[in-house]
1. Would you mind stating whether Val118 is closer than 30 Å to Pro286 by Cβ and of a type in the set (A, V, I, L, M)?
2. What about Glu276, is it surrounded by fewer than 18 Cβ atoms within 10 Å (Cβ to Cβ), away from ligand 1 (no atom under 14 Å from the Cβ) and more than 30 Å from the chain's Cα centre (by Cα)?
3. Need at least 3 residues that are within 16 Å of ligand 2 (Cβ to nearest atom) per element, so show me which strands (runs of 3 or more DSSP E) inside the range 176-221 make the cut, counting only ones lying wholly within it.
4. Looking at (1) over 30 Å from His144 (Cβ atoms); (2) within 16 Å of ligand 1 (Cβ to nearest atom); (3) among the basic types (Lys, Arg), which one does Arg260 not meet, given that it meets all the others?
5. Could you check Gly140 against (1) without any contact (Cβ under 8 Å) to a residue 60 or more places away in the chain; (2) more than 16 Å from ligand 1 (Cβ to nearest atom) and say which number it fails?
Amino acid sequence: MSSEKLVMDQGFAPSLAGLGLTRPYKRQGGRRTGLVLLAGGCLGGVLVCAVLMPLVYVTMSDLQLEVTELKNLVTSGSNSASTASSSTEDRENGTAAGGTHRERREADLTPEFGDVYVRWGREQCGENAETIYAGAVGSGWYHHHGGGSDYQCLPLEDVEWGENPVAGNQHGSYMYGAEYEVGTGYFSTDNMESITNPSQYDVPCSVCHVAGRSSHVMIPARLSCPTGWSKEYSGYLMSEKHTHYSNKNFICMDGAPNLRAGSSADQDGALLYLVEAQCGSLPCGPYISGYELTCVVCTK
Ligand SMILES: [Ca+2]
Ligand SMILES: [Ca+2]
């Protein structure tokens, strides 16, 4: 088949002839087709790129964000580990390790929690506790039917009244000071300033704060604390006399108590007696009728 015939068969002969194209142009037609295909391919590619590029861009952006977040996580984790490690090391190394910076970091990490208890019978708390205030024990009159029934630790300094105190009794509730109603032979006289018999002396007290501990417990009939607990003090359980009208709570009196100086006069008020076990419903195994009950205050 000739070139002309081929062109004519394809319907291009008149226009090509008019243009003076006499050479066979089957090849030229193939090149054009190729160019058309190439252009179409490029156009298609451009279209595909136009569609895919935003997707790729979004995907890349997401990946970049995720990588950034991961880097941040790794960095913060490493910083935390570094801080914890340093603090632990500083604590282990003691005061030689870090100076002011270390102290500030330790202060930041030191728990601020603590616990509070009353040390009945002592003017000051123990060396491991802060004395919030010291005072004198008080409660309702020993033979009144009503009024308050629990012992209180009343401050003796900086006593503050309301704006309009009304003089004279309006006969509501009363607060009296407390006296030891116990003779010699039970308590240690180590803190009694050469006095041997605490009877009729007024009773001091202190309110104690222990830092870093969150619990306290008073255990009757014990002088020591369970494993894992710290002993704050021990002594004798005391309360009001059983024949008096006023019921009081049981409190743990320090075994080596202070006496309020110059308070030996028998003025009564709220009173404190030793507590004797009475076995029966209270098991006679460990408990012995007539024995004075001990007590201990523990913290953890
Ligand atoms: Ca007295
Ligand atoms: Ca008395």
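All of the numbers you see were taken from the coordinates with simple rules; none came from a lab. Note that the structure is predicted; figures quoted are calculated from it, not measured. Reconstructed Cβ throughout: ideal geometry from the backbone, glycine too, with neighbour counts over all protein chains shown.
1. Yes: the conditions hold for Val118.
2. yes
3. By residue number, 176-180.
4. With (1) over 30 Å from His144 (Cβ atoms); (2) within 16 Å of ligand 1 (Cβ to nearest atom); (3) among the basic types (Lys, Arg) applied to Arg260, the lone miss is (1).
5. Answer for Gly140: the failing condition is (1).
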